[in-house]
Each structure stands twice: as C-alpha cells, then as structure tokens.
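The values are calculated or read from the model by the stated rules, or taken from the named source; none is laboratory data. All values reported here derive from a predicted model rather than from experimental measurement. Here the Cβ positions follow ideal geometry from the backbone for every residue, glycine too, while neighbour counts run over all protein chains shown.
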Amino acid sequence: MSTPSSPGILAELSRADSAETFFTLLGVDYDPKVVNVMRLHILRRMGQYLASEDFSGQPEEAVRQRCSSVLAQAYADFLASSPLEERVFKVLKDAVAPPKPRTLISLTPLE
C-alpha cells in the first residue's frame, strides 16, 4: 500500500497563514521582533525575488532550498536597510518620487 505523498513546499507556502510559518517551513532563523515589524516587506521582497523563478521539473528539495535562500536574502535585506530605503510597496516608492509639475490655470480672461 502506498502512502500519499506530502504536498510540495510551494503548496505548503501558499497555505501559510503567517510570515512566521514561512520561516518555519523553510527552516530560516529569524528574530521575532524584526518579523513583527517588517513581515509584509520581507514577504513582498521574497515574492519579487521568486517572480522570475521557474520551478517546472525541479526536484522538490531544490525548490525548497531555493525558497529558503530567497527568504533568507529578503530577511537580510531588511536587517541591513529600512522599508523606506528598500521601497517594496508603491506607497513607499511614491513617497520619494519627484513631484509632478503643476499646471497653472488662469481664472482671468486672456485679452
């Protein structure tokens, strides 16, 4: 009798309900104080790093290792820098964007 195979790491991560779960599933050490403050930034950066990855046909252990190293890198980014410096969200990118030129509309008739 065969035992059902366990779900792959990508399936497990898609069901994760917290940043801490990502760290636990991937075996990446973390400081809870850092993750508590920057969880969304870290996970967003991880997603940015993984966006260009193609795991088709890769062995499960290779996928797990790659995800683990990408999470560790995303975490390290925010240990060395701040969310404002990293700007992973549009609102932070826009916060430092150069102001758009204003158009002046005259309310007096032209003569």
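Scanning the range 80-89 for residues that are surrounded by 12 or more Cβ atoms within 10 Å (Cβ to Cβ) and either in a helix (DSSP H, G or I) or modelled with pLDDT of 90 or more (or both) yields a total of 2. Answer yes or no: is there a residue in the range 90-100 that is within 17 Å of the chain's Cα centre (by Cα), at pLDDT 75 or above and surrounded by 10 or more Cβ atoms within 10 Å (Cβ to Cβ). Within the range 90-100 (the criterion being within 17 Å of the chain's Cα centre (by Cα), at pLDDT 75 or above and surrounded by 10 or more Cβ atoms within 10 Å (Cβ to Cβ)), the answer is no, since none of the residues qualifies. Checking each residue of the range 40-58 against the condition of being over 20 Å from S14 (Cα atoms) and at pLDDT below 90 gives no match.
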